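Below: one structure, written as structure tokens.
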Amino acid sequence: MTAQAAPLAHPATLDHAGIAARVPHSGSMCLLDRLLAWSVEAIHCSAHSHRDPANPLRLGGSLTAATAIEYASQAMALHGLLNATPGTPPTAGFLASVRDVRLLVDRLDTVPGELQVHAERLLGDAAQAQYRFALRDAAGALLVDGRATVILDRLPP
């Protein structure tokens, strides 16, 4: 008989290890470094992995602005987990669509300082959620924004 792990509490902030313990992304694919704030409606994280030469999303040595969608997706996944009832198993989800995405820079790896990753849940239910997301530089300049729909894989009990 194996012991079950205690459910993870929902803290106000998290470091990289705390995020990695909660999201399905492991190792260098866990792109977020800090959970700065969250509420039922929104989440605010930061990351510096965009400057890492070993970032697994780099192509030809650069990190295109389109990878901002993955940063936002990880923030949305963390937001969903933080909003779940403690002790309930995590719900798998997948990104079904992105819309109205604006890439205001060509690359993220040239952005100095931390990335600020914001996601706001616009609507949703047990089967899906729609978010507005934005990535900003450390000074607050908008880099990428858009909307995303996440489909949740709710398995019957």
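All of the numbers you see were taken from the coordinates with simple rules; none came from a lab. For clarity, every value in this text was computed on a predicted model and none was experimentally measured. Note: ideal-geometry Cβ built from the backbone for every residue, glycine included; neighbour counts use all protein chains shown.
May I ask you to compute the full-extension gain from Glu41 to Leu122, defined as 0.36 nm times their residue separation minus their alpha-carbon distance, rounded to one decimal in nm? Each step should come with its number before you reach the end.
Working: separation 81, 0.36 × 81 = 29.16 nm, distance 0.76 nm.
Using 0.36 nm per residue and subtracting the Cα-Cα distance, I get 28.4 nm.
If amide hydrogens are placed 1.01 Å from N in the peptide plane, which non-local residues have theirs closer than 5 Å to the one on Leu63?
Long-range HN contacts for Leu63: Leu108, Asp109.
In debye, nearest 20, what is the charge dipole magnitude of the chain about its Cα centre with +1 on Lys and Arg Cβ and -1 on Asp and Glu Cβ, if you could check? Before the final figure, lay out each step's value.
Values: 12 positive and 14 negative charges, 30 e Å.
It comes to approximately 140 debye.
Which net charge results when you count Lys and Arg as +1 and Asp and Glu as -1 among the other residues whose beta-carbon is under 14 Å from that of Gly113?
Values: positive: Arg34, Arg51, Arg136; negative: Asp33, Asp52, Asp109, Glu114, Asp137.
Result for the neighbourhood of Gly113: -2.
Towards the positive end of the charge dipole of the chain, with charges on Cβ (+1 Lys, Arg; -1 Asp, Glu), say which of Ala75, Leu35, His48 has the farthest Cα.
Looking along the dipole axis, the top candidate is Ala75.
Hey, what angle do you get for helix 68-83 against the long axis of the chain, alpha-carbon based, 0 to 90 degrees rounded to 10?
20 degrees
For Ala84 paired with Asp15, estimate the spin-label separation in nm (one decimal), with each label point 7 Å from Cα along the Cα-to-Cβ line.
2.4 nm
Past the 19 angstrom mark, what percentage of all C-alpha to C-alpha distances in the chain do you count? Each step should come with its number before you reach the end.
Working: 6480 of 12246 pairs.
Pairs farther apart than 19 Å: 53 percent.
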